[in-house]
1. For the chain, can you list the cysteines whose C-beta has no other cysteine C-beta under 4.7 Å from it?
2. With everything on Cα atoms, drop me the angle between helix 115-124 and the longest principal axis of the chain, reported from 0 to 90° to the nearest 10.
3. Considering only protein heavy atoms, what is the solvent-accessible area of Asp255 at a probe of 1.4 Å, reported in Å² to the nearest 10?
4. Please work out the average accessible area per residue across the stretch 197-344, using the 1.4 Å probe convention, and give it in Å².
5. Taking a cut-off of 18 Å, what percent of all Cα-Cα pairs in the stretch 35-174 are separated by more than that?
6. Which percentage, to the nearest 5, of the DSSP beta bridges contained in the stretch 174-401 is antiparallel?
7. If I compute solvent accessible area with a 1.4 Å probe over the protein chains, what percent of it on the stretch 275-384 is carbon and sulfur?
8. Of all beta bridges DSSP finds with both residues in the chain, what is the antiparallel percent, to the nearest 5?
Amino acid sequence: MQNRNSADCIVFDEQAEYCHQIASMNRGRNLKYYIETLGCQMNEADSEQISGMLIQMGYTDTLDIAKADIIVFNTCCVRENAEFKLYGHIGKLKTVKQLKEGLLIVICGCMMQQKHIVEKIKKSYKHIDIVFGTHNRHEFPKLLFRRITEKKKIYEVWEDNKGIIEKVPVKRKSIITAFVPITYGCDNFCSYCIVPYVRGREKSRNPEMIKNEIINLASEGINEITLLGQNVNSYNCGMDFPGLLYYISDISGIDRIRFMTSHPKDLSDNLIKAMKEIPQMCSHIHLPLQSGSNSILKQMNRKYTKDEYLFLIEKIRESLKDITISTDIIVGFPGETEDDFQETLQVYEKAGFDFAYTFIYSKRSGTPAANREDQIPDDVKNRRFAKLISLVNDMTLKSNINDENKVLQVLVEGKSRTDDLVMTGRTRSNKIVNFKCDTDFTGSLIDVKIVKGHTWHLEGEKI
Ligand code: SAH
Ligand code: SF4
Ligand code: F3S
């Protein structure tokens, strides 16, 4: 089952040996790890693998950084300010490290795929013990073994992904929902985006591996899965994405299937059909628009026009009556005129989005848009951003008010953080519902009547 973008498979076995060796060195020492994850769900999924490896190496997790014997930062670089934040963070750890003998600090993830960052860490942050990237994260046990036994700092980053790494241990954050990566990397090269440079070329994971993982998750009691990829619609490994959805649809025990992200240029009629036919498919699509101006879309290298996008939305809404559609929007792309921005607002309204992640364009060195001279001044970007947010909030509230009096199925994820008597969960349309309840329904699917729509959540009553 090998196709254009399917991948060779790297198996974890060699690393498992390092895990055993470190675990026996650590035996009886009650060592703890602390992991902080920045960025997207793909990084969350990677962190679950890093946590899984740490557990195999004899560490247990702690949410208190002061108690940790090993601290891991899994970084993101999709926006520029993430870099400054990281330097702030690791700068502070220098004194922590001086006070705690044997404390190890590990930095990994997308930002480490950039050479200048690793150089800066080598030069200015000598208290960092290990640096690795996204493509060689499975080598963490070997690198940690070397750090412990050779007593020197380790900086090891692969330039591209040599294959998909399978059989890495995973420690899931949730016992109810789980991420399942189906593609790694991205081939789209949107002109503002750094992801293809730090995540490498797109590779699709073998469908049997995906299915086995989901079967195992179901047997562990997981109810909902989210298939992950930078563009799941270009999945291609002996079958396409809709084919994969049918292929996994006979797994029992999984009530809900979600996926993200979809690139509009690749969202096929067959996918809409699969969403209609497969009962486990949730009624939500995240479909980044980025801009509503044809000129900006072209400069972004997005490969669709606003009319094509709106036509797609219409088609989706026609077939999938209860669908919720969310999106990503960037304001202040180089050269964006006031008219371009107004078009974004108009298309946003026309599309009737239920929710959006909004971004101020951020220059990423190495991407084509970063070299442009017509960058938009900060005050203009900020003003546009405020206008966009106000529209997004108004429309989100409208969409939530529209759910009032409906009875919606909620997968209960736990108690609310602020009130012990309030449970929280998500609808099939991916909206957060809070409802009063004195029984702990965590992990159950229950029907909730929506009594009020707020901007950030729905308020419900258990029926
Ligand atoms: N692969 C996904 C998104 C990955 S990044 C997709 O194509 O939808 C998540 C979002 O970050 C993007 O959709 C985009 O809206 C935003 N983003 C990416 N690069 C950015 C940049 N340089 N400045 C501001 N926002 C950016
Ligand atoms: Fe970035 Fe575009 Fe790839 Fe998404 S599709 S990760 S925005 S290059
Ligand atoms: Fe950030 Fe890497 Fe995701 S750059 S958005 S963590 S793919």
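1. By the Cβ distance rule, which asks for a partner under 4.7 Å, the isolated cysteines are Cys9, Cys19, Cys40, Cys76, Cys77, Cys108, Cys110, Cys186, Cys237, Cys282, Cys437.
2. Tilt of helix 115-124: around 50 degrees.
3. For Asp255, solvent-accessible area is about 60 Å².
4. 36 Å²
5. Values: 5186 of 9730 pairs.
Every Cα pair in the stretch 35-174 considered, those over 18 Å come to 53 percent.
6. 10 percent
7. Values: 2390 of 4930 Å².
C and S fraction of accessible area: 49 percent.
8. Of the beta bridges lying entirely in the chain, close to 35 percent run antiparallel.
The values are calculated or read from the model by the stated rules, or taken from the named source; none is laboratory data. If you're wondering where the values come from, they're calculated on a predicted model, not measured in any experiment. Here the Cβ is made from the backbone with ideal geometry for all residues, glycine too, and neighbour counts use every protein chain on show. Heavy atoms of the whole protein, side chains included, go into the accessibility calculation; ligands, DNA and RNA do not. Shrake-Rupley method; radii C 1.70, N 1.55, O 1.52, S 1.80 Å.
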